[in-house]
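For reference, the structure is listed below as structure tokens.
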Amino acid sequence: MRKKIQQILQEKDLENQVVIAGWIRTRRDTGSFSFLEVNDGSSLGNIQIVADQQLANYKDEIVRLTAGCAVEVTGVVKESPAKGQEIEVQATEVNIVGWADPETYPLQKKRHSFEYLREISHLRPRTNALGAVARVRSRLTMAIHSFFQERGFIQVHTPIITTSDCEGAGEMFQIKGGKEGEFFGRPAGLTVSGQLQAEVYALSLGDVYTFGPTFRAENSNTSRHLAEFWMIEPEMAFCDLACNMAVARDMLKYCLNDVLTNCQEDLALFDNFIEKGLIRKLKNVVEQDFKHITYTEAVDLLLKADKAFEFPVSWGIDLQSEHERYLTEELFKKPLIVTDYPAAIKPFYMRVSEDGKTVAAMDILVPGIGEIVGGSQREERYDVLMKRMEAAQINLDEYQWYLDLRKYGTVPHSGFGLGFERLVQFVTGMTNIREVIPFPRTPGFAPC
Ligand code: ATP
Ligand code: MN
């Protein structure tokens with residue numbers, strides 16, 4: 001029976017017959033047989049195949065196998081006499097499914113730089129690190145869904161094509177649609193956030209979330225921004241800022257706990273080769289409380305900091321990445337929730353506080369990344385919202401539906417956006433966001 005290598009390594013079912021399908025990592029010949037290291041993507045660990053010279057195709061084929069060749073091996077699980085692995089598979093048949101020319105195969109045994117691997121994004125998932133990222137990413141996707149589904153949240157598929165530029169930051173990719181242009185009879189673009197539509201469903205169904213692709217024409221080339229990324233956006237009715245913060249914190253802890261339990265082998269690789277102390281860092285986040293300060297307190301701390309920042313600090317500025325990272329990495333050395341930002345630097349939909357100057361916003365900052373979550377309590381008061389929209393010069397006709405939600409049965413509600421790739425970065429320790437999405441899109445870069 002065909003089995004995944006991960007399962008075979010786990011079961012260690014001696015004398016069991018198995019069929020394995022995967023790609024050769026290395027071949028080593030001894031006098032009378034060859035060792036083949038095979039990987040099928042199911043785990044970081046390879047399985048060692050012992051191919052005896054008695055096999056019919058030994059001389060013609062097996063000794064010509066090189067890295068990247070695809071094989072299907074039938075064999076019996078045996079205890080391995082050598083160091084390095086507990087079991088191996090004594091082959092009874094080695095079927096070569098696809099050859100890989102060793103002269104041109106781009107993945108040689110040596111370690112390649114991540115920059116080089118980006119140029120061969122069609123082959124890089126065959127490396128240990130990128131394969132591990134893909135498995136952790138998949139596991140985190142499931143953890144996100146489990147977290148929300150276990151709590152009764154309903155998943156909503158918000159549109160990818162949109163006519164509302166939620167963040168208003170001019171980062172929306174415009175779409176034409178056909179020769180005629182304006183397919184929808186009005187300007188449209190790719191979504192920068194599903195929040196406004198998520199609010200619609202929250203105000204009918206209570207607790208909802210979206211998890212989908214998001215597009216932003218980010219012109220800066222940073223290690224934390226992509227033009228296409230995935231975002232998780234829960235939206236909760238009858239939920240204030242404190243409730244919002246608790247959901248975000250619990251979600252992060254839940255996800256980290258899940259991968260700490262279920263991705264041990266891959267995390268150990270990242271801990272060894274990518275970020276020393278990674279597993280300890282993740283465990284700390286699960287075990288510790290998050291620090292909580294207001295924006296005003298953050299500004300005071302930054303002004304007192306014994307550190308020269310590139311961007312000068314004063315009350316009213318938008319916190320830059322260097323400020324965020326100083327607070328979470330150097331000062332508190334743990335996840336940090338910053339709340340109550342100046343209204344002037346935040347979008348129209350955030351709820352204005354009693355003081356009239358700040359809004360009920362919250363960002364979660366983590367060491368190594370900076371902002372990972374951005375959220376707020378939404379403005380639920382019709383008049384206040386309308387004034388804010390007018391001040392932001394938003395065309396009220398186009399947002400009548402959004403205002404309607406405040407006219408008919410309005411309730412306090414909150415939500416946030418978690419950048420999925422930033423979470424994968426945090427969990428894997430990968431320094432560049434381009435390594436945690438299968439096919440990164442950044443300015444001037446979209447190869448396959
Ligand atoms: P930043 O200041 O880092 O650009 P933002 O304030 O633009 O973030 P939000 O609009 O609040 O971010 O979006 C919610 C979340 O989406 C962020 O907390 C972050 O995790 C993620 N995010 C935002 N922009 C990007 C991007 N270009 N690539 C990847 N993730 C992103
Ligand atoms: Mn941004």
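All of the numbers you see were taken from the coordinates with simple rules; none came from a lab. Here the structure is a predicted model, which means the values were calculated and not measured. Glycine also receives a Cβ, built like all others from the backbone with ideal geometry; neighbour counts cover every protein chain displayed.
Decide, for region 211-309, between rounded, prolate and oblate: order the square roots of the alpha carbon gyration tensor eigenvalues as a ≥ b ≥ c, take rounded if a/c falls under 1.5, and otherwise choose prolate if a/b is larger than b/c, else oblate.
rounded
Apply the Karplus parameterisation 6.51 cos²θ - 1.76 cosθ + 1.60, with θ equal to phi minus 60°, to every residue of region 104-109 and state each ³J(HN,Hα) to the nearest whole Hz, in sequence, with x for glycine and proline.
These are the phi-based 3J(HN,Hα) values: 10, 4, x, 9, 8, 5 Hz.
Limiting things to C-alpha atoms, what are the Rg and the maximum Cα-Cα separation (Dmax) for region 341-448, in angstroms?
That works out to 17.8, 50 Å for Rg and Dmax.
Once the mean 1/r over all distinct Cα pairs of the chain is inverted, what Kirkwood radius in angstroms do you read off?
24.7
Mean projection of the alpha-carbon convex hull of region 361-412 over all orientations, in nm²?
About 4.6 nm², averaged over all directions.
Taking the Cα centre of each part, how many Å lie between region 96-119 and region 259-274?
Taking the Cα centre of region 259-274 as reference, the centre of region 96-119 is 24 Å away.
If you wrap a convex hull around the alpha carbons of region 126-255, what volume per residue comes out, as a whole number of Å³?
Cα-based convex hull of region 126-255, divided per residue, equals 155 Å³.
I'd like the GluC sites (Glu not before Pro) in region 6-57 restricted to DSSP loop residues with at most 11 other Cβ atoms within 10 Å, sorted by number.
Those that pass, being in a loop and sparsely packed, are E15.
If you take the square roots of the eigenvalues of the alpha-carbon gyration tensor of region 5-149 and sort them as a ≥ b ≥ c, do you get rounded (a/c under 1.5), prolate (a/b over b/c) or oblate?
oblate
In whole Hz and in residue order, list the ³J(HN,Hα) couplings for region 269-277 that follow from phi through the Karplus curve 6.51 cos²θ - 1.76 cosθ + 1.60, θ = phi - 60°; x for Gly and Pro.
Listing the rounded values in order: 4, 5, 4, 6, 10, 10, 9, 4, x Hz.
What Kirkwood hydrodynamic radius do you get for region 251-387 when you take the inverse of the mean 1/r over all pairs of distinct Cα atoms, in Å?
By the Kirkwood definition, the hydrodynamic radius is 16.6 Å.
Could you name the aspartates and glutamates in cross-link range of K59, using Cα to Cα under 12 Å and dropping any fewer than eight places away on the same chain?
Leaving aside aspartates and glutamates fewer than 8 places away in the same chain, those within reach of K59 are D29.
Let me check I've understood the local charge: for L14, count other residues with C-beta under 9 angstrom from its C-beta, Lys and Arg +1, Asp and Glu -1. What total comes out?
Within the 9 Å Cβ shell, the charges total -1.
May I ask for log10 I(q)/I(0) of region 382-430 at q = 0.19, 0.22 Å⁻¹, from a Debye sum over the Cα atoms as equal point scatterers with solvent left out?
After summing over all Cα pairs, the log10 values are -0.70, -0.80.
Does region 67-211 come out rounded, prolate or oblate, given a ≥ b ≥ c as the square roots of the eigenvalues of its C-alpha gyration tensor, rounded meaning a/c under 1.5 and, failing that, prolate meaning a/b above b/c?
Judged from the Cα gyration tensor, region 67-211 comes out prolate (a/c at least 1.5, a/b above b/c).
For region 222-323, which GluC sites (Glu not before Pro) pass both filters: DSSP loop (anything but H, G, I, E, B) and at most 11 other C-beta atoms within 10 Å?
Answer in residue order: E310.
So what's region 99-171 giving for Cα Rg divided by 2.2 N^0.38 Å, two decimals?
Cα-based Rg divided by the globular estimate yields 1.74.
Quick one: putting +1 on the C-beta of Lys and Arg, -1 on the C-beta of Asp and Glu, what dipole do you get for region 391-441 around its Cα centre, in Debye to the nearest 20?
Around 140 debye, computed over region 391-441.
Would you kindly compute the Cα radius of gyration of region 275-350 and its largest Cα-Cα separation (Dmax), both in Å?
14.0, 42
By a straight-distance test (C-alpha under 21 Å), which lysines pair with K407 as possible cross-link partners, with residues fewer than eight away in the same chain excluded?
Partners within reach: K387.
Cross-link list K12/K283; K281/K346; K253/K334; K83/K109: which exceed 23 angstrom alpha carbon to alpha carbon?
From the list (K12/K283; K281/K346; K253/K334; K83/K109), the Cα-Cα distance tops 23 Å for K12/K283; K281/K346.
Among all the aspartates and glutamates, which ones have a C-alpha under 15 Å from K307's C-alpha, if same-chain residues fewer than 8 places away are not counted?
Hits, sequence-local ones excluded: E322, E324, E329, E330.
For S321 and A246, what is the calculated FRET efficiency with R₀ set at 35 Å and r taken between the beta-carbons, to the nearest 0.05?
0.85
Direction-averaged shadow area of the convex hull around the Cα atoms of region 124-203, nm²?
One quarter of the hull surface, i.e. the mean projection, equals 8.5 nm².
How big is the gap, in Å, between the Cα center of region 317-357 and the Cα center of region 1-40?
Region 317-357 and region 1-40 have Cα centres spaced 52 Å from each other.
With only Lys, Arg, Asp and Glu charged, each at its Cβ (+1 for the first two, -1 for the last two), find how big the charge dipole of the chain is about the Cα centre; round to the nearest 20 debye.
The dipole of the chain has a size of about 740 debye.
At most 15 other Cβ atoms within 10 Å and a DSSP loop assignment: could you name the trypsin sites (Lys or Arg not before Pro) in region 271-345 that fit?
The qualifying sites are K276, K307, K333.
Of T163, V247, L327, whose Cα points farthest to the positive end of the dipole of the chain (charges on the beta-carbon: +1 Lys, Arg; -1 Asp, Glu; origin at the Cα centre)?
L327
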